[in-house]
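A short worksheet on the structure shown next.
No lab work stands behind these numbers, since they all come straight from the coordinates. As the structure is a computational prediction, the values presented were derived from the model and not from experiment. Quick reminder, even Gly has a Cβ in these numbers, built from the backbone with ideal geometry, and neighbours come from all protein chains shown.
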Amino acid sequence: MRVLLLVDCYLPSTKSSAKLVHDLALEIQRQGHQAIVVAPDDALDRPCDVRQEAGVTVVRVRAGRIKGALLPLRAFNEARLSAVLWRRARRFFEAQRCDLVAYYSPTIFFGALVLRLKRLWGCRSYLILRDIFPQWAVDAGVLRRGPAYWFFRRKELAQYRAADVIGVQSPANLAYFERGMGGKPRRLEVLFNWAVPESPRPTGRERERLGLQGRTVFFYGGNIGLAQDMDNLLRLAAGMRDEPSTHFLFVGQGTEVERVRRAAAERGLGNVTLHPGVDQQRYLAMVADFDVGLLSLDRRLLTQNFPGKMLSYMQASLPMLASVNPGNDLRQVVEEARAGFVSWNGDDATLLENARRLARDGALRAEMGRNARRLLERSFLVSRAAEQILASVSRS
């Protein structure tokens, strides 16, 4: 079977979607199929570049800048993705028939291209839905229900209509769709995020490099944006100032980085370090060297998701300390596995109490870390995700 994987960025991008799709492509190859990855690339010096990387055919197509662009320019360039990818990679598509198109969201702008490819190849399609946009932006106060919202909403619905199967990332999102979100897609199912089984090992080098020897380090890695409510974590760090052996390390990039940096300085939070985003190899080395994995989601969000960063925490056997939006079934999953503590965003007292328990009890951290690893192996391995996506070809 030949599987085309569409994603809005690919390695060496540090975005979690790039790593997820890379791992998925390698697993599809391992299971005896052929994987082809297609992604836009704003640094390309030619219209289309095709090469083999780790046995996977990778097609990069020159497109306008998305990552790091100002929001109006980003929206313009993303809205043109389907047209640009089709125009510049059309010869490749016409010469390379595939049996399945699996496309990753975000972005919401692949619907038109997927429909073209389905007509061209007579194949099926699988939407890996990790982000319900624009609804989350409305919930977080980033977007109002005006012309821009309705434009994005039409593109979102077009993306759903292009899918034969939609894999949402949590059971709560099934209920969200059943309440009328997205019309009537062909089929809905839960497709958990995934990770490879290999476990990064601590070396102590990252801890030493950052001068954090002897500290219990609460580590946050990933996007630093509005949906993550980083003020939630700053309030936690402020509450933990009387625990001098603890430290908070935030690693990543996003729209809120500079504001969070200023806020930490203004509050005198000497127990907080902000570090720029790093490549995947370095990121996993950092995760393995520290003690607790942090998760935060704004309480205003009505859609539910399992942040991709929890995969690396489970890989490295880190216990999780989470503060998430009410109704998010991440709480049930993590607590039933005894892989960490989860509270509702806004309940600062419980979050602080849970942080103190993890900071003061190394045996508890170790036990919950082992449970987190078991949870990964039970429900979040890439082999399970690949099998589920590939099986969609034979479903009616």
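Remarks
- Taking a straight line from the alpha carbon of Lys67, these lysines sit under 20 Å away, with near neighbours fewer than eight places off in the same chain left out: Lys15, Lys19, Lys155, Lys309.
- The range 50-191 shape via C-alpha gyration tensor axes, a/c threshold 1.5: oblate
- J(HN,Hα) series, the range 375-386, from Karplus relation 6.51 cos²θ - 1.76 cosθ + 1.60, nearest Hz, glycine and proline x: 4, 4, 5, 7, 10, 10, 7, 5, 4, 5, 5, 4
- Phi-based couplings in Hz for the range 91-102 (Karplus 6.51, -1.76, 1.60; Gly and Pro marked x): 4, 5, 4, 5, 9, 10, 5, 10, 8, 8, 10, 10
- Computed over the chain, the per-residue total of -39500 (n - 2.57) for DSSP H runs of n ≥ 4 gives a 222 nm mean residue ellipticity of -12500 deg cm²/dmol, rounded to 500.
- Residues whose placed amide H lies under 5 Å from that of Leu44, excluding near-sequence neighbours: Ala63
- C-alpha center-to-center spacing [the range 360-396, the range 2-44] in angstrom: 20
- Cleavage-rule hits (trypsin sites (Lys or Arg not before Pro)) in the range 243-290: DSSP loop, at most 15 neighbouring Cβ within 10 angstrom: Arg267
- For the chain, with +1 on Lys and Arg beta carbons and -1 on Asp and Glu, the positive-most of Leu351, Thr273, Met1 along the dipole: Met1
- The range 214-257 and the range 75-117: distance between their alpha carbon centers, rounded to Å: 37
- Cα gyration tensor shape for the range 205-379, rounded if a/c is under 1.5, else prolate or oblate: rounded
- Relative contact order of the range 205-379, pairs being alpha-carbon contacts under 8 Å that are 6 or more residues apart, as %: 23
- Sorting the Cα pairs of the chain by distance into bins of 10 Å, from 0 upward, gives 5, 23, 33, 25, 12, 2, 0 percent per bin.
- Cα centre as origin, Lys/Arg/Asp/Glu Cβ charges: the chain dipole, Debye: 1340
- Degrees between helix 147-161 axis and first principal axis of the chain (Cα, 0 to 90, nearest 10): 70
- Among the trypsin sites (Lys or Arg not before Pro) found in the range 83-142, those both in a DSSP coil and sparsely packed, with 14 or fewer other Cβ atoms within 10 Å of their Cβ, are Arg97.
- Here the 3J(HN,Hα) profile of the range 119-124, calculated from phi with Karplus coefficients 6.51, -1.76 and 1.60 at θ = phi - 60°, is 5, 5, 9, x, 10, 9 Hz, Gly and Pro shown as x.
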